[in-house]
Each structure stands twice: as structure tokens, then as C-alpha cells.
């Protein structure tokens, strides 16, 4: 069934987690005040395939409704989602075959949302939570090489190493360093 672009966009608003950015958007302002003599450079990239905009739909926590409702709806409308998963949570385990099969086969992306969404009090716990999830995702979905990562919301992270250390070590990226988890205030 072919859906119009308007139908797809309406669905995206209904699903939430929406971000639309035109290719001709002006450069993002620096996150600090620019000092005299400091130079800021920016470039404009074109969207893949000559598209005029990008849509990012993100889902957290491996909820069963993602498999039961979100994935089928996204597939129906020809949209792709990013699912930030917790491979050791019961809801993920229940639908493991769907996550590892049809979700990936339809082009959806799995992202690292930690092994079981429990946070970390030490560097060793942070390594376990982040590395184990990243390794798992790379096994079931080798491409793309750079994986999305967002720490679990409403969890305590007290490790000594900064989060940037883990981003670099495990080849992880985030659209922002601030989590946009639906469970955060």
C-alpha cells in the first residue's frame, strides 16, 4: 500500500520522538561563547538521495509495544526507526527473535541503551553495561559501524571515567549528549 508523504509525516507526529531538519538549515551555534580571534567553521551536507529533509524516530527501553505496535506501523508507512535496546531486559528477551530478525531486515537500527538499564556505580559496571550491549548489537547488526548510544534515563551513573571515554572506546555516537528518554523529566 503506497502512502503519501503527508500520511507518513502525520504518523511520525503521532509516534513521537520527532526531529525534522531541512538540508539547508543554518549552522548550529557553538555551545560556548566565541572568543576574539577564534574561528568557527561549518559545512552544509546534502541529504542522501537528494532528499530535502530527514526524520528521526527513536524508541527507548526495548518495550514490547515496540515490536507489537511501533515496528509494524513504521513498516506499513515505509519509515525507519532507531530502537535503543537493553538486551538483558525481560521485554527484550521475550522478543529477541523479532529484534534480531524482522526488525533488522526491514532496515531499522538498534542502538546501545545499556545492557539492562541499571546504571553504573563503578568504571567496571559502566564497562559491563555499555560494552556488553555494544558488542551484542555489533554481532546482530554489523552495519552501520558507528552505533547510537544513550545512557538509561533515571539511572545513577557514578563511574569515574567520563561518558566521552566510552563513546570513543566503543565507537558510539549520540545526536546529543543529553538523553531524550521518555522516562526523564
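Of note:
- Sorting 92, 167 from the fewest to the most surrounding beta carbons within 10 angstrom yields 167, 92.
- Residue 155-residue 36 FRET efficiency (beta carbon distance; Förster radius 30 Å; 0.05 resolution): 0.10
- Remark: the residue 90-residue 73 segment gains 3.8 nm on full extension, using 0.36 nm per residue and subtracting the alpha carbon distance.
- Spin-label model distance (nm) - residue 123 vs residue 140, 7 Å beyond Cα toward Cβ: 3.0 nm
- Sorting 121-129, 157-165, 79-87 by their mean Cβ neighbour count within 10 Å, with the most densely packed peptide first, gives 79-87, 121-129, 157-165.
- Additional length obtainable on full extension of the chain from residue 132 to residue 97, 0.36 nm per residue less Cα span: 10.7 nm
Any read-out appearing in this document is the output of simple, stated calculations on the displayed coordinates, not a laboratory observation. Quantities reported herein were computed from a predicted structural model and do not represent experimental measurements. Cβ atoms come from the backbone with ideal geometry, glycine included; neighbour counts cover every protein chain shown.
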